[in-house]
Every structure is written in C-alpha cells, then in structure tokens.
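Below is one structure, written out as structure tokens; the observations come after it.
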Amino acid sequence: MTIHVHQLPCLADNYGVLVHDSGTGATAAIDVPDAAPYLAALEANHWKLSDILLTHHHADHVQGVPALKARFPDARVVGPKKERAPIPGLDLEIAEGDIVKVGGIDVSVFDTPGHTAGHIAYYIESDDLLFAGDTLFALGCGRVFETSMAVMYHSLMKLAALPGETQVYCGHEYTLSNARFALTVDPDNNLLAERAAEVEEMRKQGKPTLPTTIALETATNPFLRAEDPDVQKAVGMEGADPVAVFTELRERKNKF
Ligand code: ZN
Ligand code: FE
C-alpha cells in the first residue's frame, strides 16, 4: 500500500488535501474549501472520490462538499461529532479514539477543540501524516473562537507530542504573517530567524510553505513554546503559567 498526498491551493489562502491509497484506489478529500480544484485533481489522476473527511464546521472548510457529492454521490461524508453548529449531510460522526478506514488506510481521530468546540484532526500513524485543519498552522495556530484559551493550548500540546518526523498539513497558508509575528516574541531563536527568511523567499516565489513537521514546529512555532524561557522573557512573563503565556501570545497575534 502506498499513500499519495496531494495538497491543493483553494480560494485565497486555503489548502485542501487529497489522500489516495494506491492499493485499493480509495481517495479521501480532507476539508473542501472549493470543489473545483478537487474535481480537476481527481480527473487528472483518474481517481474516484470515496470519502470526505471534515475537520470543523466553518464554511471555508465545508462549502465545496455539495459540488463534490454531485459528482461522486457515493462518497461518504465524515465529520466531527462535537461541533455546536452541526455540519449538514454527515454520513458518519466521529471523535477521538475512532478510526476511519479510507480503503486500506487507518485514519485516527484527535479531538482538538479551540478554534471550534468540536474541531478534530486526522492522523495516519503508518505514514506519519497529520491533517490539522485550523488548529495548528506553520509557525502559528488558529484563532480561538469557541473554547477557552486553556482548551486550545491543550489541543496544541496533544499535536506537539506526536513524533517529530510527522508531516503536518494545515488548513491555510498563513505562514508569512505567522513568521513575522513569531520573530517579535522569540527574537533570539536562530532556527526561527533562518526559517522566517526561507518563508519570505518561498512566498516571494509563490511556493507553498506546507506541509511542515512537528519537529520544526516545536522548535520555531511560538504557540508551542509557551514554556520556553526565552519566549516567556520576550513577552515579559518569566516563570508564568504556560496557558497565561499562550493567551498573551494569541492576543498579541490577534492585534498584529
Ligand atoms: Zn476555521
Ligand atoms: Fe479556515
């Protein structure tokens, strides 16, 4: 079994993803900001869509589902059980501990509440792949809309604990703005400075900065580094509770 992952730029700054199992031919879409890029990629690869896996209820992650279903009526729509705003048309509701089969691929589910109350992330342990939706971004994290900051911080720590080699796919290309912000709260981090320079160059050339890895994020993403003494010092909160530091970082980024 070989897994192919295609990342599809959608709308202004969203990413969609197709995951294909060459063994069975099964193909899953992960979030659907816009159906057109999916339909084009499926056709180009002669793939038949079997599953649609959704991370959360926001329109820019689900609005392309009806158009995909119109073309692939047998595709199963899978999404979070715990969202407050229900997602219409779900065939299967899932939560942490569940495993979704996409052909021969076992996809496990993490509850990652924070951005929304029921947000979930998808993890393919066999191939070290994480689909983080709007929870974790390259050098950033999602805005906290529907839970406390503590709940979001806990979700991020859960993802940060995955193996460093895990490839992380995210819902948005926000890396350039995230990098510029990160430099303001972790100014002495050499790895971050190097990465920020790379990101500036990649975006100048119109290249995607994703996927990232858990190792790279734990070393350079300030939202995963609220316990780091340098970050704490930079925001004037030495020795403070990591949730308080995370809250300060998130609030500063909201105004950045
Ligand atoms: Zn969202
Ligand atoms: Fe989004």
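At-a-glance table
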{"read-out": "Any hit, region 23-35, residues being more than 15 Å from ligand 2 (Cβ to nearest atom), of a type in the set (Val, Ile, Thr), under 18 Å from residue 90 (Cβ atoms) and surrounded by 19 or more Cβ atoms within 10 Å (Cβ to Cβ)", "value": "no"}
{"read-out": "Scope region 64-100; condition within 23 Å of residue 147 (Cβ to Cβ), at pLDDT 95 or above and open to solvent by 60 Å² or more (accessible area, probe 1.4 Å); matching residues", "value": "81, 82, 93, 96, 97"}
{"read-out": "Residues that are away from ligand 2 (no atom under 16 Å from the Cβ) and open to solvent by 10 Å² or more (accessible area, probe 1.4 Å), drawn from region 101-128", "value": "101, 103, 104, 106, 108, 110, 111, 123, 125, 126, 127, 128"}
{"read-out": "Residue list for region 50-62, filter: of a type outside the set (Ser, Thr, Tyr) and surrounded by fewer than 22 Cβ atoms within 10 Å (Cβ to Cβ)", "value": "57, 59, 60"}
{"read-out": "Of residues in region 158-195 being part of a helix (DSSP H, G or I), open to solvent by 50 Å² or more (accessible area, probe 1.4 Å) and in contact (Cβ under 8 Å) with a residue 12 or more places away in the chain, the one nearest to residue 245 (Cα to Cα)", "value": "184"}
{"read-out": "Any chance residue 175 is in contact with a strand residue (DSSP E or B) (Cβ under 9 Å, 6 or more places away or on another chain) and under 12 Å from residue 218 (Cβ atoms)", "value": "no"}
{"read-out": "Selection within region 130-157 - open to solvent by 10 Å² or more (accessible area, probe 1.4 Å), charged (D, E, K, R) and touching a Gly at 6+ places or on another chain (Cβ under 8 Å)", "value": "146"}
{"read-out": "Residue match in region 175-185 (condition: within 14 Å of residue 136 (Cβ to Cβ) and within 16 Å of ligand 2 (Cβ to nearest atom))", "value": "yes"}
{"read-out": "Residue within region 42-51 that is aliphatic (A, V, I, L, M) and either within 16 Å of ligand 1 (Cβ to nearest atom) or in a strand (DSSP E or B) (or both) present", "value": "no"}
{"read-out": "Qualifying residue in region 4-17 (condition: surrounded by fewer than 20 Cβ atoms within 10 Å (Cβ to Cβ), within 16 Å of ligand 1 (Cβ to nearest atom), in contact (Cβ under 8 Å) with a residue 24 or more places away in the chain and not β-branched (Val, Ile, Thr))", "value": "yes"}
{"read-out": "All positions within region 218-249 that are touching a Phe, Trp or Tyr at 6+ places or on another chain (Cβ under 6 Å) and surrounded by fewer than 24 Cβ atoms within 10 Å (Cβ to Cβ)", "value": "243"}
{"read-out": "Of all residues in region 4-35 being of a type in the set (Val, Ile, Thr) and outside any strand (DSSP E or B), the one that is nearest to residue 133 (Cα to Cα)", "value": "32"}
{"read-out": "Hits in region 128-157 (condition: closer than 19 Å to residue 185 by Cβ, assigned to a strand (DSSP E or B) and in contact with a Phe, Trp or Tyr (Cβ under 7 Å, 6 or more places away or on another chain))", "value": "137, 140, 141"}
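The values are calculated or read from the model by the stated rules, or taken from the named source; none is laboratory data. What you see is a predicted model; the values in this text were computed from it and never measured. Cβ sites come from the backbone with ideal geometry, for glycine too, and all protein chains shown count toward neighbours. SASA here: full protein model, heavy atoms, side chains in, ligands and nucleic acids out. Shrake-Rupley method; radii C 1.70, N 1.55, O 1.52, S 1.80 Å.
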